[in-house]
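One structure below.
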Amino acid sequence: MLGFTRYVSRTGPAKATFVGGLRKQRERRSGFNPHGQLVKALKADIAFRTGGSYLGGVVDVVKDRWKPLYGALQAGARTYLASLGDPEQVNLAQTRDAIATVGPLAVKINPHFGLRYDDGRREAVRIHFDEEPPSREAAMAMLHLMARHMDQILPNAEPVLVDLRRGVAHRFDTSARPADVESWLAGEAAAFTAMWAATASPAA
């Protein structure tokens, strides 16, 4: 889902360049996720109601190469944590991954965690870590795909995309017509699939 939603944010030749780079990365089987310990720290602060102490300590335990990244994300993560309200009223909830069929493309939908509030609300949360805020197109695609498969991910939950650097939560745009979004995504998926095939390495 991350690769596809980053793709829809691009325009013109940048789309093909992005797909080519993504394919090379996949063929090299590279793509280490440096954010894992930060997500664990955020979840621990939610679960144990520790007000950001895990987020504060995680910067000291990651490798030196990741300290600047974690330092840049820390303040926004604490802002988001505070935005959840009374820690006694919110708990983690188990989410499941889902596979979406978008035109000819299979897209894995994988939220980072779920939330369950004492008033009955639920949220399935996907985190955006990039330096730039998520584009309107990326946010729409991600939230739409999550909403479409919420019965599998976390029943009766609302999809939420959290821009962690700024501590801002993006929610589903109810003014967008689902049929229009589906049509747009199907077209993007068809183009992505064609570009992916075109960037295949020639046979030896």
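Scan the range 110-127 for residues that are part of a strand (DSSP E or B) and either modelled with pLDDT under 95 or over 26 Å from THR193 (Cβ atoms) (or both) and jot them down. I'd like the intermediate steps shown before the answer.
Step one: of the range 110-127, the residues part of a strand (DSSP E or B) are 113-117, 122-127.
Within the range 110-127, PHE113, GLY114, LEU115, ARG116, TYR117, ARG122, GLU123, ALA124, VAL125, ILE127 qualify.
Go through the residues of the range 57-72 one by one and say whether even a single one is part of a loop (DSSP other than H, G, I, E, B), more than 30 Å from PRO178 (Cβ to Cβ), basic (Lys, Arg) and open to solvent by 20 Å² or more (accessible area, probe 1.4 Å). Quick ask: steps written out before the conclusion?
Here is the first cut: in the range 57-72, the residues part of a loop (DSSP other than H, G, I, E, B) are 62-63.
Of the ones still in play, those that are also more than 30 Å from PRO178 (Cβ to Cβ) are 62-63.
Pick out the ones that are also basic (Lys, Arg) and you get 63.
Then drop every residue that is not open to solvent by 20 Å² or more (accessible area, probe 1.4 Å), which leaves 63.
Checked against the condition, which is being part of a loop (DSSP other than H, G, I, E, B), more than 30 Å from PRO178 (Cβ to Cβ), basic (Lys, Arg) and open to solvent by 20 Å² or more (accessible area, probe 1.4 Å), the range 57-72 yields at least one hit.
The residues on offer are ILE99, ILE46, and the sole one that is open to solvent by 90 Å² or more (accessible area, probe 1.4 Å) and either in contact (Cβ under 8 Å) with a residue 40 or more places away in the chain or under 26 Å from HIS149 (Cα atoms) (or both) is ILE99. Which count do you get for residues in the range 158-204 that are open to solvent by 70 Å² or more (accessible area, probe 1.4 Å), among the polar types (S, T, N, Q) and assigned to a helix (DSSP H, G or I)? Residues meeting the conditions: 1.
I want to confirm something. Restricting to the range 18-43 and keeping residues that are assigned to a helix (DSSP H, G or I), charged (D, E, K, R) and more than 21 Å from HIS128 (Cα to Cα), which single residue is least open to solvent (accessible area, probe 1.4 Å)? Checked the range 18-43; the qualifying residue least open to solvent (accessible area, probe 1.4 Å) is ARG23. Every condition in (1) over 21 Å from ASN156 (Cα atoms); (2) touching a Pro at 6+ places or on another chain (Cβ under 7 Å); (3) not acidic (Asp, Glu) is met by PRO34 except one, and the failing one is (2). Taken together, GLY12, GLY85, GLY71, GLY20 contain a single residue that is closer than 19 Å to ARG116 by Cβ and either among the aliphatic types (A, V, I, L, M) or over 18 Å from the mean Cα position of the chain (by Cα) (or both), which is GLY85.
The values are calculated or read from the model by the stated rules, or taken from the named source; none is laboratory data. These numbers were taken from a predicted model, which means no experiment stands behind them. Note that each Cβ is placed from the backbone with ideal geometry, even for glycine, and that neighbours are counted across all protein chains shown. Side chains included, ligands, DNA and RNA excluded: accessible areas come from the protein's heavy atoms. Shrake-Rupley method; radii C 1.70, N 1.55, O 1.52, S 1.80 Å.
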